[in-house]
1. Mind listing whichever residues of region 22-56 are surrounded by fewer than 13 Cβ atoms within 10 Å (Cβ to Cβ) and closer than 13 Å to ARG118 by Cα?
2. Can you list the strands (runs of 3 or more DSSP E) found entirely within region 232-315 that contain at least 1 residues being basic (Lys, Arg)?
3. Need pairs with beta-carbon distance below 9 Å; first residue in contact (Cβ under 8 Å) with a residue 12 or more places away in the chain and farther than 10 Å from ALA170 by Cβ and within region 187-200, second surrounded by 23 or more Cβ atoms within 10 Å (Cβ to Cβ) and aromatic (Phe, Trp, Tyr); sequence gap 6+ or separate chains.
4. Starting from region 161-172, keep only residues that are within 23 Å of ASP207 (Cβ to Cβ), then list their pairs with residues that are in a strand (DSSP E or B) and not small (Gly, Ala, Ser) whose Cβ atoms are within a distance under 6 Å, requiring at least 6 positions of separation or different chains.
5. Quick one: ALA423 ticks every box in (1) in a helix (DSSP H, G or I); (2) closer than 30 Å to GLU330 by Cα; (3) in contact with a Leu (Cβ under 9 Å, 6 or more places away or on another chain) bar one, so which box is it?
6. Counting only residues that are surrounded by fewer than 15 Cβ atoms within 10 Å (Cβ to Cβ) and either on the phi > 0 side of the Ramachandran plot or free of Cβ contacts under 8 Å to residues at least 12 places away in the same chain (or both), how many does region 290-310 have?
7. Which residue pairs have Cβ atoms under 6 Å apart, sit 6 or more places apart or on different chains, and have a first residue in region 387-405 that is at negative phi and a second that is assigned to a loop (DSSP other than H, G, I, E, B) and of a type outside the set (Phe, Trp, Tyr)?
8. Before we move on, is VAL377 out of contact with any Cys (no Cβ under 9 Å at 6 or more places or on another chain), surrounded by fewer than 20 Cβ atoms within 10 Å (Cβ to Cβ), touching a residue at least 12 places away in the same chain (Cβ under 8 Å) and within 17 Å of GLN288 (Cβ to Cβ)?
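The values are calculated or read from the model by the stated rules, or taken from the named source; none is laboratory data. Everything quoted here is computed from the prediction, not taken from an experiment. Backbone-built Cβ (ideal geometry, glycine too); neighbour counts: all protein chains shown.
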Amino acid sequence: MTALIYAAGVVVFLVGVVVSIALHECGHMIPAQRFGVKVTQFFVGFGKTLWSTQRGETEYGFKAVPLGGFVKLVGMLPPGPGDDPHAVRDSNTGLFTQLVSDARAVEYETITAEDEPRLFYKLPWYKKVVVMAGGPLVNVAIATVLFSVVIMGFGVEQPTTTVSTVSDCAISDAEAGRACTDADPLTPAREIGMEPGDRITAFDGEDVASWEELTRLIRANGGDASTIAYVRDGRTTTVPVTTSVVERLAIDDPEKVEDVGFLGVSPTFEVRREGPLFVGEVMWDTAQSTGEAIAHLPVRMVDVVKAAFGEERPEDSPISIVGASRVAGELVTVDEPTWAERAQRLLTLLASLNLFLALFNFVPLLPLDGGHIAGAVWEGARSRWARLRGKPDPGPVDVAKMLPVAYAVGILLLVMSVILIYADIVNPVRVG
């Protein structure tokens, strides 16, 4: 039964990925068509075509490798300076020049005179931004919907001010997990006789309504004397307490260690439905951590390479679609979750994936969407500057000149994908 649920989790996740990719490409195709651009292909996946159908002037289908998708917008590349778009030069010097020339030749070999008004490069710069940003923004919208379903519909576990456990001794984060010894001091909570079930209502004279507020007050107290109020069996008790000082990871910087006040209690958790503001906070925090992960991706790939050859793999390691699928299968089986918890975990995984896809595609490098957006914005700025100086409009930015960069980035992404897939097979990231 567990194996069947595992397989079902993987299948549901992959279907969600395919749908997310298809909707991303719709985010490009629909505005392009509205602006009059000719769209000849809409595919999910790369490589060999598995299935396709023609609808009007557009071919829709699926390809063998589900690592992305694409829409073919006719006329992405402008003709070279002084070139007839239907008579692209066929003799060039230099490898990069030849690459650009060949790309232009392929671009225009099927374009007819009737297509000329519908070429993508002829769009105003702001319409190009709308078309290219449409895909990532659809992923943001998907993530918003999924996070909203999870947080506002299912609810999320939140720590409360009710005590779950009272620690016996004060141990720093560096020693977390070891047993207490006679040399370890008792925790302040143990010294004053706190018990599981006590509900803390105030600390140092300040009322507390959340675990976050309580944590902030305790950490800021250091080793000073204070008071704590808690409710037990319906009666409120206020007692003096002197918190210990231990080393803990900083809340705003997990790489930093600091000395903070310590009481020695852990919270109970309860599932609560939250509102739109909480959804926004979760998405903002997730976007920040995702952005940092993307920025450090080249460095983190070093650890992936080491893990592929036998070293321990970090728990927060980048993963491929293969690794994400394995995680999906484990999420629906580990700790014997309920069906609601399984759905919640898969939706959260898909929401996080869509947010990653959006932010990654906004990176301003070709062939990513962000590279085309950057080119369009530069085109608008250049046109505006020329107009202010009374100069003629310099025309569209020639993105073809950046094709060598696009090829290099594409090769790099392909190599990274192969390494990640291999590492996810031989040394996968494990849930829990």
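1. Within region 22-56, just ARG34 meets the criteria.
2. 235-242, 244-249, 265-272
3. Short answer, once both residue conditions are applied: MET194/TYR230; ASP198/TYR230; ARG199/TYR230; ILE200/TYR230.
4. Listed by first residue and then by second, the contacts come to THR161/ARG199; THR161/ILE200; THR162/ARG199; THR162/THR268; VAL163/VAL265; SER164/PRO267; SER164/THR268; VAL166/VAL265.
5. For ALA423, the exception is condition (3).
6. 8
7. PRO396/PRO78; ASP398/PRO78; ALA400/LEU77; MET402/LEU366; VAL405/LEU366
8. no
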